[in-house]
């Protein structure tokens with residue numbers, strides 16, 4: 001009996017070691033996703049309609065969100081910035097829902113000819129982002145403003161490229177947000193939108209898919225739209241990337 005217990009303990013220890021040694025990135029990612037979704041649900045329930053008009057970060061505060069993105073999304077932001085450099089090496093780029101500014105700053109570091117504007121509804125996030133730009137010595141080419149995706153404080157046709165990451169599913173009216181992105185893009189301009197896939201969005205808060213939202217926006221009638229999966233956990237899709245292009249004729 002004792003030998004069997006020893007064998008079971010050894011087996012259990014081996015499984016635990018395998019999980020910690022080989023599978024810990026997967027376990028950590030699942031834990032982060034689960035905690036983020038749980039926080040989002042609790043925040044919605046407790047704060048109600050007041051915070052429905054603000055961006056929800058699925059995290060307790062801006063400082064925590066910044067630390068989380070630095071830990072989990074650093075590689076994603078680097079890849080996304082490199083993709084943007086390929087299509088906008090010397091252009092004006094807008095990031096909607098710029099959060100702590102890590103993507104915008106990374107883009108400016110990779111492409112000295114690019115000027116980047118970030119817009120976020122949280123003044124605290126904007127303060128953190130501007131501080132990061134100053135520390136990174138790109139503040140002369142990167143600025144962050146407080147603003148709502150549904151009413152961007154920017155002129156018509158003033159940007160060549162727009163990017164948004166993990167923000168659209170927080171917007172009170174995604175169709176209005178895409179309409180604003182369309183408005184500030186030059187004719188022929190490109191928008192890249194990255195966000196959680198439909199099964200995560202439905203679990204967190206529901207609402208229409210990016211394809212449905214695009215049909216309701218000006219991109220549906222006067223632009224083009226394509227979508228692909230950019231991040232998976234094994235066979236499970238986690239993040240999509242959508243490319244929306246404003247028609248040259250509008």
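Readers should treat all values here as calculations from the given coordinates under stated rules, not as data from a laboratory. The structure presented is a predicted model; accordingly, all values stated were derived computationally and were not measured. Cβ sites come from the backbone with ideal geometry, for glycine too, and all protein chains shown count toward neighbours.
At 37 °C and 0.692 mPa s, grab the translational diffusion coefficient of the stretch 126-241 from Stokes-Einstein with a Kirkwood Rh over Cα pairs, rounded to a whole number in µm² per second.
On the way: Rh = 15.5 Å.
Result for D is 211 µm²/s.
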With N denoting the number of residues in the stretch 76-135, provide Rg(C-alpha) divided by 2.2 N^0.38 Å, to two decimal places. 1.04
Please sort 113-126, 186-199 by packing, taking for each peptide the average over its residues of neighbouring beta carbons within 10 angstrom, highest first. 113-126, 186-199
Would you compute, for the Cα atoms of the stretch 104-160, the largest minus smallest coordinate along each principal axis and list the three values in descending order, in whole Å? 29, 27, 14
Gained length - residue 134 relative to residue 248, 0.36 nm times residue gap less alpha-carbon distance: 37.4 nm
With r defined as the distance between the Cβ atoms of residue 224 and residue 79 and R0 fixed at 25 Å, what FRET efficiency is calculated, to the nearest 0.05? 0.65
Protection proxy ranking of 91-97, 78-84, 152-158, 102-108 - average other beta-carbon atoms within 10 Å, highest first: 102-108, 91-97, 78-84, 152-158
To the nearest Å, what is the center-to-center distance of the stretch 197-250 and the stretch 108-180, using C-alpha atoms only? 19
Say each of residue 146 and residue 232 gets a label point 7 Å from the Cα, pointing the same way as Cα to Cβ; how far apart are those two points in nm? 4.3
Give me Rg/Rg_expected for the stretch 63-195, where Rg uses Cα atoms only and Rg_expected = 2.2 N^0.38 Å with N residues. 0.94
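Quick one: if the Förster radius is 25 Å, what FRET efficiency do residue 186 and residue 61 give, using the C-beta to C-beta distance and rounding to 0.05? Please report the intermediate quantities before stating the final value.
Details: r = 36 Å, r/R0 = 1.45.
Given R0 = 25 Å and the Cβ-Cβ separation, E is 0.10.
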Within the stretch 120-149, backbone nitrogen closer than 19 Å to the virtual label 7 Å beyond the Cα of residue 172 toward Cβ: 120-125, 146-149
Test of understanding: what is the full-extension gain from residue 90 to residue 158, defined as 0.36 nm times their sequence separation minus their Cα-Cα distance? 23.1 nm
